[in-house]
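For reference, the structure discussed in these notes is given below.
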Amino acid sequence: MNILRPSGEWGINLKSENKGKKEHVLNVKLTDSIRIKLIMLMLYIIGGTFLLYLLLNHLLLGDFYMKSKQDAFMEAYEDMNEIVNSESGMYGISDTAQYKLSGICESYGIAVVILGTNNSLVFQYGNGAELSLRLATIDFGINDDNVSIIKKTNKYIFQSLNTGGGGDGYLEIYGRFNENKLFLMRMTVESIQESAAVSRVFFLYIGIAILIISVVIVYFVSEKFTRPILDLANLSERMSNLDFNAKYISDTDDEIAVLGNSMNKLSDRLKETIVELKSANNRLQKDIARKEEIDEMRKDFISNVSHELKTPIALIQGYAEGLSECINDDAESREFYCEVIMDEAEKMNKLVKNLLMLNQLESGGDHIRFERFDIIMLIRGVLGSLDYMVKQNDIHMVFEETEPLYVYADEFQIEGVVTNYVTNAIHYALGRKEVKISVQKMENKVRILVFNSGNPIPEEELEKIWIKFYKVDKARTREYGGSGIGLSIVRAIMKSHGRECGVSNKKDGVEFWFELDTELA
């Protein structure tokens, strides 16, 4: 415990330590320290008790001392009365009785004189002459003015005699043990004030010693009581800093341990709650980002669809107006106009169908039906359906696989992926105009690759080609009637299958690929 003065006020620097963990320092005002309060409380209790003792000693010690003397004196009288009455004759007391009487007088500090018939001396102990004179004076009815009668019976009178101003005097009992024996017993009473003063000084020293010892004991004992409280304060401070790894450890079952266990449970609950709040916040942020993304996609969708439909609609409108106004009367021109209108209408129809398919795939509305089929046969079927396009574009098609290779996927959707890849490869093949399809077998899966010779895709646009309506070569795409959403459909199909797809530039062309499972998980 280090005393310091932060911010101009005296305070106490309390260090709360957890073994193996970082030490935390708690600054508390000196007057607010529980330890100091506990020490002061104990001092108040001990000091108050001691002062109360001194007060009671001053007020009651004299009466208590006198009462004790009186009780002892009466016990001595009873004992001596029994001995005299049982062991004495008419004229004297036996030696045995005198021996017993002397023992009582010695034990209680009593002086006594017993007179028999004709005032003859039967027994005395102490100053017999003085007691005999005092007894004669009393017997003649002469008593001192300083006498106070305490008790009076038909056998004896118990009185006190004050012989000085300081409280010194005697206790006296006089009367008859029997009809023949007159007696006077006297016990010296010391000064009560003097005895009380000595007692007060003695106990004052004892009290000071007790106070000093108590301060030392309380100081060290308070450490045991305040240490758990400081640990709890340290725990709460760490919890306020969102450090929930701190735990209160105790080997007791007292109230502080119960509080510590409750704080441990609170710490765990707060940790769980904050984790849940963070998770909810992350989900909310993702939802907000997703909403913003959807809004942006909606804007892009409307813009792109408007752009894509603007050209065919303008063409259809223009050629339709030409037909209605009979710009060309010959049959060949009218047939050409009709072909353009039908061709543009077909492109619009194809665009709408692809958009609907992509929307179903991205929203999860198009359910995947997994089945086992031969991917080699599927590729050859696609190539057969595109044979006219291969010949029309003078493409050198290479596909050498013949052995069956079975995969698990939605055959209809995978056919669309292969068709899209091969169609794009045919349209973009340049130079030697080669399109090569190959298959790489891997553990539990297979990768299908479609290569076409020609210009590479700029590296900064490799990831953009999967975005809806994005076109690297807009003129060439428009030339063969592409809409720019084919690769978006491919990625959506592969994502719904839980498999990968991608593209990479080669030395003299571009290669697209996708993967399928050869075994069920």
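The values are calculated or read from the model by the stated rules, or taken from the named source; none is laboratory data. Quick caveat: nothing in here was measured; it's all calculated off a predicted structure. Don't worry about glycine lacking a Cβ; one is built from the backbone with ideal geometry, like all the others, and counts go over all protein chains shown. Remember, those area values only see protein heavy atoms, side chains included, never the ligands or the DNA or RNA. Shrake-Rupley method; radii C 1.70, N 1.55, O 1.52, S 1.80 Å.
For this structure, a couple of remarks:
- Residue check for E237: part of a helix (DSSP H, G or I) and surrounded by fewer than 15 Cβ atoms within 10 Å (Cβ to Cβ): no
- From F336, F373, residue being at pLDDT 75 or above and open to solvent by 70 Å² or more (accessible area, probe 1.4 Å): F336
- Elements of the type strands (runs of 3 or more DSSP E) sitting completely within the range 377-447 and holding at least 2 residues that are out of contact with any strand residue (DSSP E or B) (no Cβ under 7 Å at 6 or more places or on another chain): these cover 434-442.
- Residue that is least open to solvent (accessible area, probe 1.4 Å) [pool: residues in the range 103-134 that are in contact with a strand residue (DSSP E or B) (Cβ under 8 Å, 6 or more places away or on another chain), farther than 22 Å from E190 by Cα and part of a helix (DSSP H, G or I)]: S132
- Among residues of the range 73-88 that are among the β-branched types (V, I, T), those with a beta-carbon under 6 Å from a residue that is outside any helix (DSSP H, G or I) at least six positions away or on a different chain give the pairs V84/F177.
- Residues in the range 71-91 that are modelled with pLDDT of 80 or more and open to solvent by 40 Å² or more (accessible area, probe 1.4 Å) were compared, and the one that is nearest to Y125 (Cα to Cα) is D79.
- The requirement of being in a helix (DSSP H, G or I), within 24 Å of T188 (Cβ to Cβ), in contact with a strand residue (DSSP E or B) (Cβ under 7 Å, 6 or more places away or on another chain) and among the aliphatic types (A, V, I, L, M) is fulfilled nowhere in the range 54-64; no residue meets it.
- Restricted to the range 255-282, and to residues there that are of a type in the set (D, E, K, R) and surrounded by 11 or more Cβ atoms within 10 Å (Cβ to Cβ), the residue that is farthest from I229 (Cα to Cα) is E272.
- Considering only residues in the range 416-439 that are among the hydrophobic types (A, V, I, L, M, F, W, C) and closer than 15 Å to E515 by Cα, the one that is farthest from the chain's Cα centre (by Cα) turns out to be I437.
- Qualifying residue in the range 209-227 (condition: in contact with a helix residue (DSSP H, G or I) (Cβ under 9 Å, 6 or more places away or on another chain), farther than 27 Å from G48 by Cβ and of a type outside the set (V, I, T)): no
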